[in-house]
Amino acid sequence: MNRSNIFKLVLILIFVLVISVLSYPPLIKSLNLGLDLQGGVQLVLGAVDTDEHKVTSDDMEQLATVMGQRVDELGVNEPIIQREGDKRLIVELAGIKDPEEAIELVGRTASLEFQLSDGTVILHGAELQTANARVDSVTQQAHVNLQFKPEGAQKFAQITRELVNQYPRGDTRRSIAILLDGEVITKPHVDSTIPDGQAMISGGFQTFEEAANLAAILRAGALPVDVEILEKRIVGPQLGLDSIEKSKIAIIVGIVFILIFMPAFYRLNGLIANVSLALYGVIFLSLIVGINAVLTLPGIAGLLLSLGMSIDANIIIYERIKEELRNKKSLRAAVDAGFRRSTLTILDANLTTLLVAGVLYFFGVGLVRGFAVILILGILASMFTALVFTRFLLRIVVRIKFFQNTRFFGV
């Protein structure tokens, strides 16, 4: 039995060591950093009232939705889009390569119209189903293919049929102008009836990326109201790097202090706590990467707080065990009683913190929600390692004869 427990202990220690060495580097590299850590763009957009339309709360909600869809097209992970006041919208984009291009796409109205030669509007962007950028295999010129919704396709077919029947080929009235934000992008001649609801925007694209960007904002839809960029702030990587370096120092100092303090004060229990801490880190980082959470500077604060709570749970357990040993209980009985008496305290403290973090997440915005997410993940990881893994490891240790001296447990 003694050899079996020694074998289990060695196997667990090797497992934790191997998984830590193999997991930490790729997990750390996979962390999705926020605007304050890797730089990016923060925009303040203002909705503009016009003589025809006054901006409403519903307009702002729709504006936030469309803006979110556009940002998704840019491939930005976890953007922060939040309202400020009645007519302002804050958009934060982290880690984008071309800030000016992002600003142009986000701020563009993207009002798409199809007009006849006399200025009559026959189709709007709202009737568009999808848009995709393509490169002509012959001319090698980029263009955007448009596909209308069924009702729009029927209307487009009817209009093109009427133009073909009324005007001879070559007549300027037999053309349809495509306008974006009031500017004529292209004015193709209608050679024949177009029954399938397809159209093409060509000309004016210097690169395929320009066509792809236009297709992206057309897919997202036109903005419901006119907007203007009230404030533009480009956050450089230097601030982010400085924050990361200081955060690294804080984390390293905290972990080193814990690794030294726990064995010095709790002896064997402290070493077990350090092993649990290594596994806790792997689980915690895996959860962050797994749900694609964004790590911001407040999130790092949440990381450090959850780390402290993880060690605090171990301290509560070990103090209970020491108390039981002083009451002359056997080592095994002291471990079982220590966990039994401390579990309720740990659950109460952690569940209370989870409740507060949940309130911060549901009612907070921006960086506050990031802090809440990291704190919730950290608490879940710490509860598992403290109440499940540490208990499992301690039960194995106390069955090994060499460790059955109470001095190993600080008594």
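The values are calculated or read from the model by the stated rules, or taken from the named source; none is laboratory data. Computed from a predicted model, the values in this text were never measured in an experiment. Positions of Cβ are backbone-derived with ideal geometry, glycine not excepted, and every protein chain shown enters the neighbour counts.
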- Would you tally the residues in the stretch 14-51 being surrounded by fewer than 19 Cβ atoms within 10 Å (Cβ to Cβ) and small (Gly, Ala, Ser)? 4
- Flag if ASP72 is under 26 Å from GLY46 (Cα atoms) and modelled with pLDDT of 80 or more: no
- Item | strands (runs of 3 or more DSSP E) lying entirely in the stretch 173-236 (those with 3 or more residues that are of a type outside the set (A, V, I, L, M)) | 226-235
- Out of (1) under 17 Å from VAL294 (Cβ atoms); (2) at pLDDT below 80, what's the single condition that is false for LEU112? (1)
- Message: Being over 19 Å from PHE284 (Cβ atoms), polar (S, T, N, Q) and under 21 Å from the mean Cα position of the chain (by Cα) is the filter here; which residues of the stretch 1-39 pass it?
- Response: GLN38
- Out of the residues in the stretch 208-241 that are under 14 Å from ILE103 (Cα atoms), crowded, with 20+ Cβ neighbours inside 10 Å and over 24 Å from the mean Cα position of the chain (by Cα), which is modelled with the lowest pLDDT? LEU214
- The listed residue being surrounded by fewer than 17 Cβ atoms within 10 Å (Cβ to Cβ), in the same structural domain as ILE255 (by TED's automatic domain parsing) and assigned to a helix (DSSP H, G or I), out of LEU347, LEU307: LEU347
- Picking from ILE244, ILE288, ILE251, which residue would you name as being at pLDDT 85 or above and of a type in the set (A, V, I, L, M, F, W, C)? ILE288
- Restricted to the stretch 18-58 and to residues being of a type in the set (Val, Ile, Thr) and at pLDDT 90 or above, the residue farthest from PRO224 (Cα to Cα) is VAL18
- Query: Would a scan of the stretch 52-65 turn up a residue that is surrounded by fewer than 18 Cβ atoms within 10 Å (Cβ to Cβ), within 29 Å of SER243 (Cα to Cα) and either in the same structural domain as ILE244 (by TED's automatic domain parsing) or not hydroxyl-bearing (Ser, Thr, Tyr) (or both)?
  - Reply: no
- Note on the structure: Among residues of the stretch 174-200 being more than 14 Å from PHE156 (Cβ to Cβ), surrounded by 18 or more Cβ atoms within 10 Å (Cβ to Cβ) and not polar (S, T, N, Q), the residue modelled with the highest pLDDT is ARG174
